[in-house]
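Accompanying notes for the structure given below.
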Amino acid sequence: MGVSFDKIDGATWLKFEIQPATNPTSEKERAARLVDPGFGRIFTDHMAVVRYNQAKGWHGARVESRANFPLDPAAAVLHYAQEIFEGLKAYKREDGGVNLFRPDANARRFWNSAERMATAPLPEPAFIEAVEQLVRIDRAWIPGGEGSLYLRPFMIASEVFLGVKPSAEYIFAVIASPVGSYFKGGPAPVSIWVSENYTRAAIGGTGAVKCGGNYAASLRAQAEAIDHGCDQVVFLDAVERRYIEELGGMNVFFVFDDGSLLTPPLGTILPGITRDSIIALAKDSGTRVREEAYTIDQWRADAKSGKLKEAFACGTAAVISPIGKVCSASGDFLISGGAAGPVAMGLRKQLVDIQYGRAADPHNWIRKVL
Ligand SMILES: Cc1ncc(COP(=O)(O)O)c(C=O)c1O
């Protein structure tokens, strides 16, 4: 198959060849797997794949049976980790249709990740088309209720070459995983461990993009959090080691006694789409939101004095998780008595209602796929 871009209404679209799985999962088996899908362990029948090389550019766009990639042991990704990814969800509406939440924002972030990691950038319409085609063909896998279909677009460097340079070949693919409600019985407050031994990102580094290496580098710190009985790790800045940055896979917000919100500024953190949406919703309702640096010492002092009312983490997977307890080598402290606070819970409901199509969508965030 040759280069398969089409111009429609002035926009560039990839034309996907659709090859439905010849031996898809039976309805009975699918229903059994959807009873308690957990997170990221079960997968749908198909994947979308597009390949890149320098001669053809992006080509060979297909939706096909989910299968292993044949990968040469010298493929660049296996040695130098030239890889980027995204995470977004499809939500089933009450009328049976399906919503994507801000896929254009994921496509743009993927483009930025590609630029930083020197991979071939994928045009936004091609990213969105790949995601939509996969959601359409695997729609029967989208759980009802508070479940959703987690979509994982990613790109790997597939050139067979051991020299250290940007790969000349890439595979872009999207896979899908049905997920249950992140928290059964409502969001439980999480405890977090302040990483004083390890940092996540430095100025000029890769903290603001979604590349696998960032997560590999976070695992030791996350393991330390678990060893200390905590759910998640929170990282401090790499220069002064005192400003709060973000959790291993979520951004963070603070709620003060005057009702205002504060979140660490962009730069070395991932520009979360949930973070951006929360800022917009809070501003819509007249809440003051500051994107400002905040130190761990100030956090502890504000929690003790009562100036800080709540803290919460946010991201696509869990939407909003209240933070109940902060632990560190220099002692622990509780936030809002360790319970979930009303601001976090209110913002969570507002956002989830938009995602599932139960509330108005004033910012045009929803893209109806079906
Ligand atoms: C390091 C990190 N920060 C923040 C987020 C939240 O981003 P988003 O709201 O786009 O899911 C994620 C999750 O993708 C993440 O991995």
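The values are calculated or read from the model by the stated rules, or taken from the named source; none is laboratory data. These numbers come from a predicted model, not from an experiment. Methodologically, a virtual Cβ is constructed for each residue, glycine included, from the backbone with ideal geometry; neighbour enumeration extends over all protein chains shown. For the accessible areas, the whole protein counts, side chains as well, though only heavy atoms, and no ligand, DNA or RNA atoms are used. Shrake-Rupley method; radii C 1.70, N 1.55, O 1.52, S 1.80 Å.
What the table shows:
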item	result
Elements of type strands (runs of 3 or more DSSP E) in segment 27-90, at least 1 residues being within 16 Å of the ligand (Cβ to nearest atom), surrounded by fewer than 17 Cβ atoms within 10 Å (Cβ to Cβ) and modelled with pLDDT under 95	none
Count - residues of segment 326-355 that are hydroxyl-bearing (Ser, Thr, Tyr) and open to solvent by less than 20 Å² (accessible area, probe 1.4 Å)	1
Hits in segment 296-321 - residues which are of a type outside the set (Phe, Trp, Tyr), touching a Pro at 6+ places or on another chain (Cβ under 9 Å), within 16 Å of the ligand (Cβ to nearest atom) and at pLDDT 95 or above	Ala311, Ala313, Val319, Ile320, Ser321
Subset of segment 215-231 that is buried (at least 20 other Cβ atoms within 10 Å of the Cβ) and not small (Gly, Ala, Ser) - its residue that is nearest to the ligand (Cβ to nearest atom)	Gln222
Out of Asp258, Asp227, sole residue that is more than 24 Å from Met345 (Cβ to Cβ) and acidic (Asp, Glu)	Asp227
Enumerated strands (runs of 3 or more DSSP E) restricted to segment 233-323, each holding at least 3 residues that are surrounded by fewer than 17 Cβ atoms within 10 Å (Cβ to Cβ)	289-291
Which numbered condition Leu370 misses (of (1) in contact with a Gly (Cβ under 6 Å, 6 or more places away or on another chain); (2) not in a loop (DSSP other than H, G, I, E, B))	(2)
For Phe110: the one exception among (1) aromatic (Phe, Trp, Tyr); (2) open to solvent by 60 Å² or more (accessible area, probe 1.4 Å); (3) touching a Pro at 6+ places or on another chain (Cβ under 8 Å)	(2)
Residue match in segment 165-185 (condition: more than 30 Å from His46 (Cα to Cα) and either touching a residue at least 24 places away in the same chain (Cβ under 8 Å) or in a strand (DSSP E or B) (or both))	no
Residue count for segment 101-135, restricted to those that are in contact (Cβ under 8 Å) with a residue 12 or more places away in the chain, more than 13 Å from the ligand (Cβ to nearest atom) and over 20 Å from Tyr215 (Cβ atoms)	15
Which numbered condition Thr206 misses (of (1) polar (S, T, N, Q); (2) within 13 Å of the ligand (Cβ to nearest atom); (3) over 18 Å from Gly40 (Cβ atoms); (4) open to solvent by less than 20 Å² (accessible area, probe 1.4 Å))	(4)
The listed residue being touching a Pro at 6+ places or on another chain (Cβ under 8 Å) and either of a type in the set (Phe, Trp, Tyr) or more than 16 Å from the ligand (Cβ to nearest atom) (or both), out of Asp284, Asp258	Asp284
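So that you can scan it fast, the table gives a plain yes or no per residue for (1) of a type in the set (Ser, Thr, Tyr); (2) more than 20 Å from Glu17 (Cα to Cα):
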| site | (1), (2) |
| --- | --- |
| Glu129 | no, no |
| Ile142 | no, yes |
| Gly145 | no, yes |
| Leu149 | no, yes |
| Ile156 | no, yes |
| Ser181 | yes, yes |
| Val194 | no, yes |
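Every residue, every condition in (1) open to solvent by less than 30 Å² (accessible area, probe 1.4 Å); (2) modelled with pLDDT under 95, yes or no:
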| position | (1), (2) |
| --- | --- |
| Val131 | yes, no |
| Gly145 | no, yes |
| Ser148 | yes, no |
| Phe161 | no, no |
| Val164 | no, no |
| Glu169 | no, no |
| Pro178 | yes, no |
